[in-house]
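First up is the structure itself, then whatever we jot down about it.
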Amino acid sequence: MALNSRGAIDPRWLTHNQAVGYGLQLATVEIYSTPAGNQVYDPATNTFSGSKTLLYTGQARIQPTSNPTESTDSYNPTSLQVVRIILPLNKNTLAGSEGVVPDIRTNNKVRVTTSAYNSQLLAFSYEVIGILNSSNAWERTLICRVDMELDINNV
């Protein structure tokens with residue numbers, strides 16, 4: 001065999017260390033889209049009603065990437081933080097289908113449904129603002145913005 005006859009990355013590299021990353025995904029999330037025009041706001045109850053499309057439900061790791069910052073919106077001053085939500089690439093679940101990678105887009109919403117070691121994560125609403133990954137990624141990383149003052153349990 002010639003000295004440089006194979007690719008630089010061994011084909012097994014992508015799957016070799018996946019178990020380590022998956023072991024760090026200690027939360028469970030739901031990712032859903034809310035089609036424009038389907039959400040109706042009820043000012044009496046301060047709630048929205050309408051259809052949601054569930055895109056993903058399953059394991060995830062939630063990792064802050066920045067310090068909280070103040071919003072510059074004069075009509076809605078609030079503290080915002082950016083977090084990474086990391087999903088397993090080969091274990092994605094779409095309505096119970098193992099191995100399906102959902103089409104997650106910006107403005108999709110994320111809700112943390114369980115977090116054994118940090119229950120505070122359940123109180124926030126996460127909005128997807130970044131979706132692109134490396135071509136050799138072994139995890140799927142979403143960049144999300146969190147409104148630190150909005151408690152979804154009190155809305």
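The values are calculated or read from the model by the stated rules, or taken from the named source; none is laboratory data. Just so it is clear, the structure is predicted and the values come from calculations on it, not from any experiment. Here the Cβ positions follow ideal geometry from the backbone for every residue, glycine too, while neighbour counts run over all protein chains shown. Side chains are part of the model used for accessible areas, which takes the heavy atoms of the whole protein and leaves out ligands, DNA and RNA. Shrake-Rupley method; radii C 1.70, N 1.55, O 1.52, S 1.80 Å.
Observations on the structure shown:
- Residue count, the range 10-47 (criterion: open to solvent by 70 Å² or more (accessible area, probe 1.4 Å), closer than 25 Å to Leu87 by Cβ and modelled with pLDDT under 75): 7
- Against the numbered list (1) over 20 Å from Leu54 (Cβ atoms); (2) modelled with pLDDT under 85; (3) surrounded by 13 or more Cβ atoms within 10 Å (Cβ to Cβ), Leu89 comes up short only at (1).
- In the range 123-139, the qualifying residues are those that are over 9 Å from the mean Cα position of the chain (by Cα) and crowded, with 17+ Cβ neighbours inside 10 Å, and the one that is modelled with the lowest pLDDT is Trp138.
- Qualifying residues in the range 94-115 (those that are assigned to a loop (DSSP other than H, G, I, E, B) and open to solvent by less than 40 Å² (accessible area, probe 1.4 Å)) - the one modelled with the highest pLDDT: Asn108
- Verdict on Ser79 being farther than 16 Å from Ile143 by Cα, modelled with pLDDT under 80 and among the polar types (S, T, N, Q): no
- Any hit, the range 63-74, residues being more than 24 Å from Phe124 (Cβ to Cβ), modelled with pLDDT under 75 and of a type outside the set (Lys, Arg): no
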